[in-house]
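Only one structure is covered here, and it is reproduced in the block below.
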Amino acid sequence: MRRLWFALRRDRALAWPLALLALVALACVVVPFFSRGDPLAIGDVLSLRLLPPFSRDAEGSLHLLGTDRFGRDLLVRMMLAGRISLAVGIVGSVVAAAVGTLLGAVAAWRGGWLDRAIMGFGDTLLSVPRLVLLLVCAALWQPGLLTVVIVLIATGWMGVARMIRAEILGVSAQPYVQAAQALGMRRWRVLWRHALPNALGPAIVATTLGVGNAILLESGLSFLGMGIQPPRPSWGNMIAGGRDLIVTAPWVAVAPGLALIATVLAATLIGDAARDRLAGERGAQRRDLADRV
Amino acid sequence: MLVRRIAVALVLLWLVVTLTFGLVRLAPGDPTALLIAPDATAADAARLRGELGLNRSMPVQYAQWLGAVLRGDLGMSFTSARPVTTVLGEAAPISLALGAASLTLTFLIGVPVGMLQAARRGRLTDRVLTVLTTAVYAAPTFWLALALVALFTYGAATLGLPAEWRLPAFGIRTPGVTLTGWAAVVDVIRHAILPVAILASVGAAGIARYTRSSVADVLQLDFVRTAHAKGLTGRQVYQRHVLANVLPILVVLFALSLPGLLAGSIFVESVFAWPGLGRAMLNAILARDYPVVMGATVFYAAAVIAANLAAEIALPLLDPRRERA
């Protein structure tokens, strides 16, 4: 833990976005606890709706970011939405990367028809723009939280699988892998202990960059009404809710948009930092990163 | 080699056609439920299913669809009772024009910015541009669209800017007015400024980020140092050595950026109410108009596969080293 702290203090390019992401996550977890009542419930619409930021309502409670058209506090809803967006983004991309790693490793190690089947299926999915695939799946099947996560995983594993496969094919020609095999180690154990750990670098970069992507896609789906369904808030459907108020009450759409940008920016910068650290001296730095994470 | 590549692309297209059929036809829900009148009887619904070909077995439907696609026939739209090729054919030119204009601007802006950043690596220009490109890259297209609409319609009005500065936010032509000649062209261009600007800036940010890192990689190679050492000017080094090594990367980028551009155009068409492919597809999804959904998906996939194929064919021409690989 202390070593991690010191490493981060030296590593500004990684520390800032991590701090920003941690701040957003912390706010999302903590802020809703301070709100009175049910953030999804609609109260006295006439007196509460569309209060501008920094204003107090009749009962005297402060609405830092104002209220939406149903008089619900925007800050609290934004933080609740953030919980969902962050969770969907992180779970969606991490599980997708895990699936991709597994399939890529099996394809490379097993070879033959299984390799061709997995990569062919992956190439097919890669030929359709991911948003189109997401739209078709999410809308025709039941739209909702679980569908979004499953569809993000189903459409997100191919890139990682290709990378892992290429890396493992490269690594398997290395002397240490051949030595392990020559020493009589079981074939799948060689993959697990030697080949896979040395092929993980690009997958880690792809996963971190994928978090931002997954969050954007989820919000996009929700914006179009095919992702997270109201009254459950998500940054995407909150922006959709402020769409026709953009002139009269711009804060309704602007606030969740800024939260979205900050989060995706942090995730992207973390991915960039990870990539920069992997691009240099590959072997050593890859181990370093694998240890640090 | 060329024949093999084309064959692979065709197999991929067949797989996409199959996948599309599977995804759309295996989805739960009955499209006839949205098409018939609320007071229709079960017999009416069954007859409609028969007319739409939905009561045949899945393999038969698949075979029929595959055969039809091979003949260039994507079936009839459930909701408008017109051929899908007509529906898509009306929408496609709008999306293609939007995409072409945005893609051109994307590269015209993104590549020079990325190269400038790589040349000034680590200095103030680079840092400012990095922050800017990453922020734009992180911004969702649909949110940027809303923000710009607010800025250029309401914002321009409150700031007291002349009426010509207020850009139209919706549609592709001014409704209710028949314009001819030059005025009509100007009208369409004014409607296109915001959508194209959004797609181009998001695209250019991504391209700039990618160009920066790949040009920075090239600048570190030995032959660049040699070129400098043998007395070439900076401009000569860039023109003769750096650009030659960056061009293949840009071709790959073109193929890579196409899916993103298509996806972005779905949002932009949705916000700006442009009657393009993205909107046609969204409406078809909401109405469970299966033939249009399948047709649009196949169209998008065909565009991506074609772009990848073009890049694969162009790469060895630009980079002889790849011929052997």
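Looking only at residues in the range A:101-147 that are in a helix (DSSP H, G or I) and touching a Phe, Trp or Tyr at 6+ places or on another chain (Cβ under 6 Å), which one is nearest to the other protein chains (Cβ to nearest Cβ)?
The first filter runs over the range A:101-147 and keeps only residues in a helix (DSSP H, G or I), leaving A:101-110, A:112-127, A:130-140, A:145-147.
Within this subset, residues satisfying the condition of being touching a Phe, Trp or Tyr at 6+ places or on another chain (Cβ under 6 Å) are A:132, A:147.
Values: A:132: 5, A:147: 11 Å.
Ranking the candidates gives A:132 first.
Name the single residue that is farthest from the other protein chains (Cβ to nearest Cβ) among those in the range A:256-265 being out of contact with any Pro (no Cβ under 8 Å at 6 or more places or on another chain) and closer than 19 Å to residue A:72 by Cα.
A:259
What's the number of the only condition in (1) at negative phi; (2) within 14 Å of chain A (Cβ to nearest Cβ); (3) touching a Gly at 6+ places or on another chain (Cβ under 7 Å) that residue B:211 fails to meet?
Result: residue B:211 passes all but (2).
Got a sec? Which helices (runs of 4 or more DSSP H) wholly within the range B:24-114 have at least 3 residues that are of a type outside the set (A, V, I, L, M) and modelled with pLDDT of 75 or more?
Details: elements: B:32-35, B:42-52, B:58-70.
Output list reads B:58-70.
For residue B:273, all conditions in the list (1) more than 10 Å from every other protein chain (Cβ to nearest Cβ); (2) in contact with a helix residue (DSSP H, G or I) (Cβ under 7 Å, 6 or more places away or on another chain) hold save one; what is the number of the exception?
Only one criterion in (1) more than 10 Å from every other protein chain (Cβ to nearest Cβ); (2) in contact with a helix residue (DSSP H, G or I) (Cβ under 7 Å, 6 or more places away or on another chain) is unmet by residue B:273, namely (2).
Where residues in the range A:68-89 are among the basic types (Lys, Arg) and surrounded by fewer than 20 Cβ atoms within 10 Å (Cβ to Cβ), which of them is modelled with the highest pLDDT?
Let us first name the residues in the range A:68-89 that are among the basic types (Lys, Arg), namely A:69, A:72, A:77, A:83.
Pick out the ones that are also surrounded by fewer than 20 Cβ atoms within 10 Å (Cβ to Cβ) and you get A:69, A:83.
Details: A:69: 72, A:83: 87.
Going through the qualifying residues, I end up with A:83.
Picking from A:163, A:185, which residue would you name as being away from chain B (no Cβ under 13 Å) and not in a helix (DSSP H, G or I)? Even if it seems obvious, please write down each step before you answer.
Numbers: A:163 fails: not in a helix (DSSP H, G or I).
Exactly one residue qualifies, and that residue is A:185.
Conditions (1) among the aromatic types (Phe, Trp, Tyr); (2) closer than 30 Å to residue B:317 by Cα; (3) assigned to a helix (DSSP H, G or I), marked per residue:
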residue	(1), (2), (3)
B:232	no, yes, no
B:235	no, yes, yes
B:244	no, yes, yes
B:250	no, yes, yes
B:254	yes, yes, yes
B:259	no, yes, yes
B:263	no, yes, yes
B:280	no, no, yes
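Would the range A:221-230 turn up any residue that is more than 9 Å from every other protein chain (Cβ to nearest Cβ) and in a helix (DSSP H, G or I)? Full working, then the answer.
In the first step, residues of the range A:221-230 are kept if they are more than 9 Å from every other protein chain (Cβ to nearest Cβ); the result is A:221-222, A:227-230.
Narrowing the set further to residues that are in a helix (DSSP H, G or I) leaves A:221-222.
Within the range A:221-230 (the criterion being more than 9 Å from every other protein chain (Cβ to nearest Cβ) and in a helix (DSSP H, G or I)), the answer is yes, since at least one residue qualifies.
With respect to residue B:288, determine if the residue is of a type in the set (D, E, K, R) and buried (at least 18 other Cβ atoms within 10 Å of the Cβ).
Values: of a type in the set (D, E, K, R): yes; buried (at least 18 other Cβ atoms within 10 Å of the Cβ): yes.
Yes: the conditions hold for residue B:288.
Looking for something within 20 Å of the chain's Cα centre (by Cα) and within 12 Å of chain B (Cβ to nearest Cβ) - is there at least one such residue anywhere in the range A:239-253? Talk me through it step by step, then tell me what you get.
Applying the first criterion (within 20 Å of the chain's Cα centre (by Cα)) to the range A:239-253 yields A:239.
Narrowing the set further to residues that are within 12 Å of chain B (Cβ to nearest Cβ) leaves A:239.
Checked against the condition, which is being within 20 Å of the chain's Cα centre (by Cα) and within 12 Å of chain B (Cβ to nearest Cβ), the range A:239-253 yields at least one hit.
How about the range B:201-217: which of its residues are aliphatic (A, V, I, L, M) and either without any contact (Cβ under 8 Å) to a residue 12 or more places away in the chain or surrounded by fewer than 23 Cβ atoms within 10 Å (Cβ to Cβ) (or both)? Reasoning before the result, please.
Quick first cut of the range B:201-217, residues aliphatic (A, V, I, L, M) only: B:202, B:204-205, B:207-208, B:215-216.
Once the filter is applied, which keeps residues that are aliphatic (A, V, I, L, M) and either without any contact (Cβ under 8 Å) to a residue 12 or more places away in the chain or surrounded by fewer than 23 Cβ atoms within 10 Å (Cβ to Cβ) (or both), the range B:201-217 yields only B:216.
Among the residues that make up the range B:309-323, is at least one of them without any contact (Cβ under 8 Å) to a residue 40 or more places away in the chain and charged (D, E, K, R)? Outline the logic, then answer.
Of the residues in the range B:309-323, the ones without any contact (Cβ under 8 Å) to a residue 40 or more places away in the chain are B:316-317, B:320-321, B:323.
In the following step, the residues that additionally are charged (D, E, K, R) were identified as B:321, B:323.
Yes.
Which ones in the range B:80-105 are out of contact with any Pro (no Cβ under 9 Å at 6 or more places or on another chain) and hydroxyl-bearing (Ser, Thr, Tyr)?
Scanning the range B:80-105 gives B:80, B:85, B:86, B:95, B:104.
Looking only at the range A:90-123, filter to residues that are in contact with a Leu (Cβ under 8 Å, 6 or more places away or on another chain) and either on the phi > 0 side of the Ramachandran plot or small (Gly, Ala, Ser) (or both); which one of those is surrounded by the fewest Cβ atoms within 10 Å (Cβ to Cβ)?
The extreme case among them is A:120.
The values are calculated or read from the model by the stated rules, or taken from the named source; none is laboratory data. Note that this is a predicted model, so its numbers are computed, not measured. Here Cβ is always computed from backbone atoms with ideal geometry, including for glycine, and neighbour counts include all displayed protein chains.
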